[in-house]
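Just so it is clear, none of the values below were taken in a lab; they were calculated from the coordinates. Just so it is clear, the model here is predicted, and its values are computed rather than measured. Neighbour counts are summed over all protein chains in view; Cβ atoms, including those assigned to glycine, are modelled from backbone coordinates with ideal geometry.
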Amino acid sequence: MEDDLSPEIRKALEQQKANCIFCKIMSGEVQAKKVAEDDLVMAILDINPARPGHILLMPKEHYPIMAILPQHIQDRLFEMARLLCKAQKKAMVTHGSSIFIANGFPAGQQSQHFMVHLIPREPDDRMAFSALSGEEIGEAALKEIHAVLSNNIPLIIEKKLETAPKEWHKPRESGGQMVMGRNKVLQIIEQNPGLKELILKHPQEFLRECKTNPQLMSLFQAVDPAGIVEHYVPGALMRTNTIGADGRNGEVSTPREDSQHLPPDYSPKRDANPGPREGLKREGPSKEKKGEIKRKRRDEEDNSESTGREGKGSDDGNLDGDGKEGDVSLDDITRLL
Amino acid sequence: MIVVYEDERTIAFLPARPIVPGHVRIIPKEAFRSIEDVPEGMAAHYFMVAGSIASALFDGMGAEGTNIIMNDGPVSPEGTLSIDVIPRKQGDGRDFKWEGKKQQDKDLEEARKKITWEFIPPEMREKTEIVQSSAVPIEKPTLSKDDYLIQFYRKIP
């Protein structure tokens with residue numbers, strides 16, 4: 001898996017590594033209370049433990065998140081975790097044991113060196129990560145989550161096992177396509193200004209495209225495009241019924257060649273301020289306007305190709321966990337399929 | 001139970017009361033009460049599945065981070081060993097962090113000795129040459145008046 005890393009990410013990793021306190025501990029430059037070590041992984045005691053006996057287990061090599069850890073190191077790490085939990089439970093005389101992992105800054109990851117927390121536990125110790133129950137969620141949301149996960153998890157596991165085969169595993173023959181949930185679809189739209197503009201200015205045309213453009217069709221397998229239009233342009237579908245009728249009479253839109261390569265934008269604007277809305281006028285988009293969008297998209301594609309690189313390069317020491325998966329564009333998705 | 005993944009050894013489902021939408025719980029098919037019961041190699045498999053679910057949450061559900069949390073029987077919401085994979089977003093109002101208490105060096109050293117001692121299989125503890133060649137310094141921990149084994153038995157109801 002580490003061979004997949006781009007030169008930019010490699011460079012950022014090298015810089016992270018140079019400042020990483022845990023890399024210094026691994027190399028012996030900084031002292032720590034070591035409890036176990038082999039050629040790939042090392043376990044030390046946390047000097048600010050959640051409970052006495054709290055162990056930090058990590059790969060010796062610097063990896064920021066679990067997703068880019070090579071599978072053979074990951075397997076070794078968790079076998080070591082199992083043995084250490086056993087020893088720790090006995091040594092610290094506790095009833096329970098927890099393994100805690102944070103992937104990415106939003107999940108509470110504090111160190112850029114991937115690590116696994118092994119924490120001795122008692123049922124009444126009130127650790128926040130043990131309260132794992134919240135509110136029931138609606139059926140529609142459950143359906144979407146099920147559609148996305150039950151499709152994608154086996155695909156990801158198949159891909160993993162291709163590189164690290166297991167004797168128990170029988171490879172499946174049929175390939176499949178990744179399915180996106182609503183939040184992911186919104187992220188992808190934010191990263192593709194051309195697509196966002198299309199939705200904002202010409203929601204009806206966008207809906208028609210969703211029925212014909214193969215890429216948009218694969219993007220909206222589990223999500224209703226009308227709901228996305230409603231998110232960006234509330235009320236648009238109610239007000240534009242007349243346009244809908246026009247559209248049906250009008251020409252059948254064909255997939256555009258330029259939408260095969262929607263530009264990835266590495267600095268998405270998170271404030272989804274729906275921008276200018278003059279496109280909401282009650283007439284359908286004219287041919288001229290379409291040409292304009294096309295041209296604009298091409299321009300943006302060119303821009304983002306040059307600025308996108310820069311954005312990534314300057315990302316030094318700030319790979320906030322989802323550094324790899326976060327920047328998925330439509331291109332990446334098609335590559336995955 | 002809404003199952004999102006199943007193989008020979010594990011089953012992953014959406015808990016009835018998720019902490020956030022997208023929260024997935026993995027349980028081994030053979031219900032283990034505690035981590036001591038898990039056979040060799042199995043933990044690696046469970047976490048391979050957990051890591052793949054975390055990737056699926058990144059790739060398909062727009063998660064910005066994930067927590068993977070294993071709790072064994074006595075502290076698990078299922079009563080048997082379980083692993084929760086939780087998608088996270090900036091400012092989602094969830095906080096799983098703990099308040100760490102700084103420990104004295106001598107307390108840390110005592111914990112280190114006890115754990116390394118337990119980590120060495122009993123039959124190897126007496127073979128001093130093996131212990132000495134280990135990358136980690138291993139000494140027999142000195143037991144206080146409150147012998148930890150006695151402590152352990154006292155805790156059993």
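Return the loop-located GluC sites (Glu not before Pro) in region B:5-52 (DSSP other than H, G, I, E, B) with at most 15 other Cβ atoms within 10 Å of their own Cβ; answer none if there are none. Walk me through the numbers before you get to the answer.
Numbers: sites: B:Glu6, B:Glu8, B:Glu30, B:Glu36, B:Glu40; in loops: B:Glu8, B:Glu30, B:Glu40.
Here the GluC sites (Glu not before Pro) that fit, given the DSSP loop and packing criteria, are B:Glu8, B:Glu30, B:Glu40.
Each label point is 7 Å from the Cα along the Cα-to-Cβ direction; what then is the distance between the points at B:Glu30 and A:Lys24, in nm?
4.5
Each label point is 7 Å from the Cα along the Cα-to-Cβ direction; what then is the distance between the points at A:Ala128 and A:His146, in nm?
Distance between label points: 3.3 nm.
Over the Cα atoms of region B:20-101, what is the Rg over Rh ratio if Rh follows Kirkwood?
On the way: Rg = 13.7 Å, Rh = 13.7 Å.
The Rg/Rh ratio comes out at 1.00.
Once label points are set 7 Å from the Cα along Cα→Cβ at both B:Lys140 and A:Gln110, what is their separation, rounded to one decimal in nm?
3.7
Sort B:Arg17, B:Arg94 so that the residue with the fewest other Cβ atoms within 10 Å of its own Cβ comes first and the one with the most comes last. All intermediate terms of the calculation are to be shown ahead of the outcome.
Values: B:Arg17 12, B:Arg94 17.
Placing the least packed residue first, the sequence is B:Arg17, B:Arg94.
Tell me, A:Thr212, B:Thr80, A:Thr94, B:Thr66 in order of fewest to most beta-carbon neighbours within 10 Å? Write down the numbers at each step before the final one.
Working: A:Thr212 13, B:Thr80 17, A:Thr94 22, B:Thr66 33.
Ascending Cβ contact count within 10 Å gives the list A:Thr212, B:Thr80, A:Thr94, B:Thr66.
So how much slack lies between B:Glu6 and B:Gln104, counting 0.36 nm per residue of separation and subtracting their Cα-Cα distance, in nm? Could you put the intermediate results ahead of the total?
Numbers: separation 98, 0.36 × 98 = 35.28 nm, distance 4.56 nm.
That works out to 30.7 nm of additional length.
Hey, with R₀ at 60 Å, roughly what FRET efficiency would A:Asp39 and A:Glu136 work out to, going by the Cβ-Cβ distance, to 0.05? Walk me through the intermediate numbers first.
Numbers: r = 47 Å, r/R0 = 0.79.
Given R0 = 60 Å and the Cβ-Cβ separation, E is 0.80.
Using the number of other C-beta atoms within 10 angstrom as an exposure proxy, rank B:Ser52, A:Ser130 with the fewest first. Before the final figure, lay out each step's value.
On the way: B:Ser52 24, A:Ser130 20.
By the 10 Å Cβ count, ascending, the order reads A:Ser130, B:Ser52.
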